Amino acid sequence: MDFSLSKTETLFLQMIREFADKEVKPLAAEVDEEERFPVETVEKMAKLGIMGIPVPVEYGGAGGNNVLYSMAVEELSAACATTGVIVSAHTSLCAAPILEFGNKEQKAKYLPKLASGEWLGAFGLTEPNAGTDASSQQTIAVEDGDNYILNGSKIFITNAEYGHVYIIFAMTDKSKGVKGISAFIVEKDFPGFSVGKKEKKMGIRGSATCELIMENCVVPKANLLGKISEGFSIAMKTLDGGRIGIAAQALGIAQGAINETVKYVKERKQFGKPISAFQNTQFQLADMQTRVVASRLLVRQAAFKKDKGQNYSTEAAMAKLYAAETAMEVTNKAIQMHGGYGYTREYPVERMFRDAKITEIYEGTSEVQRMVISSALLK
Amino acid sequence: MKIVVCIKQVPDTTEIKINPTTGTLIRDGVPSIINPDDKAGLELALSIKDKFNAHITVITMGPAQAEDVLREAYAMGVDRAILLTDRKFAGADTLATSHALAGALRRLEFDLLITGRQAIDGDTAQVGPQIAEHLDLPQVSYLEHLDFDGKNTFTVKRRVEDGYEMLQVDGPCVVTVLSGAYKPRYMTVSGIVGAYEKEVEFWGFEQIDVVESKLGLKGSPTRVHKAFSRGVKAPGELYEVDTNEAAGIIISKLKEKFII
Ligand SMILES: Cc1cc2nc3c(=O)[nH]c(=O)nc-3n(C[C@H](O)[C@H](O)[C@H](O)COP(=O)(O)OP(=O)(O)OC[C@H]3O[C@@H](n4cnc5c(N)ncnc54)[C@H](O)[C@@H]3O)c2cc1C
């Protein structure tokens, strides 16, 4: 067993930390305050290959792996959780399923554009009446010659407004329930496709979370992803991978909050000494950092197993569950140690606390992660 | 178009600690980086490559771990990397270093040789100009900007104390670059992934063209008489006042000391 970073990982961390520090962090407060999608950051990331880290070189990607990808999402999220989720949804929820389930033509057509960041990807599974119970899809796809005609709507879709390609799930055979769901690759310019209302959110406010509307949307049969009726299984496997990204996002938020807190407690003086001199401060920080390192080990383990082609579904669920709850606890304590200042937007921990909450909800709530973990245990 | 860039691995600190008994730098625990002036030089080379499809070789002299900065250069986009390393090079001052580098450069073809102005761990600004002298090449030091005509002529803006000079020089030539001149690009992800799969050439004394007596400790006329840390400055006075009052305080302090 070897926990040390490889030379490549060390070099990668050097780059991504410098990038996060110089290009991402300075925009984080503004992106949050103005609910602004950081287009310029996505362009910069595209140029460096950050939008296609685990995509093989033959498809225009960087030829990296999921460990590097998780490090990237972590470091970006430590600076700005909005930026972290843009990369995560794009990579894990759009490029990854095309890579894993797409045919030769689909990979050749979509992956180079996605991996280079020329196109942004998104994933539409959730509907008004199909959240945790994703199998209750009401979006319908009907065969029509060389096409499928899709009707229905999706909500809460990350990257929606700026996306070019969407993995969309729809019922092709309602009578079969879960076994009647199929997955489609939908381009934003397909007739009948549009982006609806944008949500006003508590956190990750720069990420564009919108409704998607399909009104007699024409999708060529060539854009069926995987086989007919395989959609639900594609969705679940895709979310397994996505959880590595969200766990890394939560981990980054938590580490970012600790870094801010360490700086603050050394500067802030009360009772004639820096508050870092109080044992309560020290012990709280010790607990926070211990949980964060435990989360990091879980995230790296899940990514490592995915890279090795091993089953990683439970590990990804554990990583996401633990990292998300750690992010909530750590950002909460970070504010407590900042006192009243931490409750204001003068200090980034206020934003980090709001950003942390979503990691317990999307790509499977914490309850869902507990179902995944326990069902593996009890089977 | 062929470019060679000389880079050096240096400790990443502005507060270099010195071992008081030996007078040498304490490098343990300090992360290593590409010397900032050299990194700007690397960016200059890469920006020429972007436009004119140049071939870039980086070369560094140092211990085996200096290989890391060559990998970083690969990840930024260079084409070839050479590590000059040999016991015979050890203990070199700037003169012996420049002789070793010149010895290697005699084995390479180039139109433009780029070095940093100076290294942050030595601050001598001697190696680049010395290389140019050993190779009998024209040199422009303190480069702030360079334009290449795509053939063989470089128009160079050179910083001098009270302004700058505009010079024209034909290749092959040597320039030494200031760190502020070019903002280095980030390594790319694919560059990083490929960096450790590329070859770093290890060159020793046998591979280069120079007489042994000019190398290492033997070839180094410099003797360090004494090295010492600067004493700690007085903490100064801190006022928390508004801008107007602050300006008044500064002016009266400067007058007190007869500075204005
Ligand atoms: C900002 C944001 C971005 C998102 N991005 C995307 C995206 O890009 N693509 C996409 O498809 N979706 C996206 N989502 C949707 C997200 O995945 C869902 O919100 C999530 O799966 C929960 O579904 P729901 O909101 O309908 O909650 P519900 O399913 O209604 O859940 C409400 C509560 O009930 C609990 N619950 C439900 N069922 C059970 C059960 N059987 N046992 C125990 N507890 C249960 C849940 O855990 C939760 O606590 C996003 C959501 C948000 C807020």
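Considering each residue of the range B:145-204, count those that are in contact with a strand residue (DSSP E or B) (Cβ under 9 Å, 6 or more places away or on another chain), within 14 Å of chain A (Cβ to nearest Cβ) and not β-branched (Val, Ile, Thr), and give that number.
The total comes to 2.
When you look at B:Lys226, is it among the basic types (Lys, Arg), more than 14 Å from chain A (Cβ to nearest Cβ) and touching a residue at least 40 places away in the same chain (Cβ under 8 Å), yes or no?
Yes, satisfied.
Check A:Lys263, A:Lys237 and return the single one that is more than 14 Å from the ligand (Cβ to nearest atom), free of Cβ contacts under 8 Å to residues at least 12 places away in the same chain, part of a helix (DSSP H, G or I) and surrounded by fewer than 20 Cβ atoms within 10 Å (Cβ to Cβ).
Of A:Lys263, A:Lys237, the one residue that is more than 14 Å from the ligand (Cβ to nearest atom), free of Cβ contacts under 8 Å to residues at least 12 places away in the same chain, part of a helix (DSSP H, G or I) and surrounded by fewer than 20 Cβ atoms within 10 Å (Cβ to Cβ) is A:Lys263.
Count, please, the residues in the range A:332-371 that happen to be touching a residue at least 40 places away in the same chain (Cβ under 8 Å), closer than 29 Å to A:Met236 by Cβ and of a type in the set (Val, Ile, Thr).
Going through the range A:332-371 one residue at a time, the tally reaches 4.
Could you name every one of the strands (runs of 3 or more DSSP E) located completely within the range B:132-187 that has at least 1 residues being touching a Leu at 6+ places or on another chain (Cβ under 8 Å), surrounded by fewer than 21 Cβ atoms within 10 Å (Cβ to Cβ) and free of Cβ contacts under 8 Å to residues at least 60 places away in the same chain?
B:139-148, B:153-160
Among (1) touching a residue at least 60 places away in the same chain (Cβ under 8 Å); (2) surrounded by 14 or more Cβ atoms within 10 Å (Cβ to Cβ); (3) more than 16 Å from the chain's Cα centre (by Cα), where does B:Phe52 come up short?
(2)
Within the range B:210-260, can you find the residues that are under 30 Å from B:Arg107 (Cα atoms) and not in a loop (DSSP other than H, G, I, E, B)?
Selection gives B:Glu212, B:Ser213, B:Lys214.
Please go through the range A:81-120 and pick out each residue that is within 15 Å of the ligand (Cβ to nearest atom) and either over 22 Å from A:Leu68 (Cβ atoms) or free of Cβ contacts under 8 Å to residues at least 60 places away in the same chain (or both).
A:Ala95
So, A:Ile168, is that one under 21 Å from A:Leu114 (Cβ atoms) and either within 16 Å of the ligand (Cβ to nearest atom) or within 14 Å of another protein chain (Cβ to nearest Cβ) (or both) or not?
In short, yes.
Can you pull out every residue in the range A:86-109 that is under 20 Å from B:Val189 (Cα atoms) and surrounded by fewer than 24 Cβ atoms within 10 Å (Cβ to Cβ)?
A:Leu99
Filter the range A:121-159 for residues that are on the phi > 0 side of the Ramachandran plot and part of a loop (DSSP other than H, G, I, E, B); which is farthest from the ligand (Cβ to nearest atom)?
A:Gly145
Assess whether A:Val349 counts as being more than 29 Å from A:Ser4 (Cβ to Cβ), surrounded by 24 or more Cβ atoms within 10 Å (Cβ to Cβ) and among the β-branched types (Val, Ile, Thr).
In short, yes.
Here is a list of conditions, (1) under 21 Å from A:Phe101 (Cα atoms); (2) small (Gly, Ala, Ser); (3) in contact (Cβ under 8 Å) with a residue 60 or more places away in the chain, and A:Gly63 meets all of them except one; can you say which number that is?
It fails just one condition, (3).
Restricting attention to the range A:315-352, which residues are more than 14 Å from the ligand (Cβ to nearest atom), under 28 Å from A:Ala130 (Cα atoms) and among the aliphatic types (A, V, I, L, M)?
A:Ala316, A:Met318, A:Ala319, A:Ala323, A:Ala327
Which one of these does B:Gly150 not meet: (1) of a type in the set (Gly, Ala, Ser); (2) within 21 Å of B:Met1 (Cβ to Cβ); (3) modelled with pLDDT of 95 or more?
It fails just one condition, (3).
Report, ordered by the first and then the second residue, all pairs with beta carbons closer than 9 Å, sequence separation of six or more or different chains, a first member in the range B:231-257 that is closer than 30 Å to B:Ile18 by Cα, and a second member that is assigned to a helix (DSSP H, G or I).
Hits for this filter: B:Glu237/B:Ile249; B:Glu237/B:Lys253.
Does B:Tyr239 satisfy being among the aromatic types (Phe, Trp, Tyr) and either more than 14 Å from every other protein chain (Cβ to nearest Cβ) or more than 21 Å from the chain's Cα centre (by Cα) (or both)?
The answer is yes for B:Tyr239.
State all residues of the range A:210-224 that are buried (at least 24 other Cβ atoms within 10 Å of the Cβ) and either of a type in the set (S, T, N, Q) or away from the ligand (no atom under 12 Å from the Cβ) (or both); if no residue qualifies, say none.
Hits for the range A:210-224 are A:Met214, A:Cys217, A:Val219.
Looking only at residues that are part of a helix (DSSP H, G or I) and β-branched (Val, Ile, Thr) in the range A:353-379, which one is farthest from the ligand (Cβ to nearest atom)?
A:Ile373
The values are calculated or read from the model by the stated rules, or taken from the named source; none is laboratory data. Note that this is a predicted model, so its numbers are computed, not measured. Backbone-built Cβ (ideal geometry, glycine too); neighbour counts: all protein chains shown.
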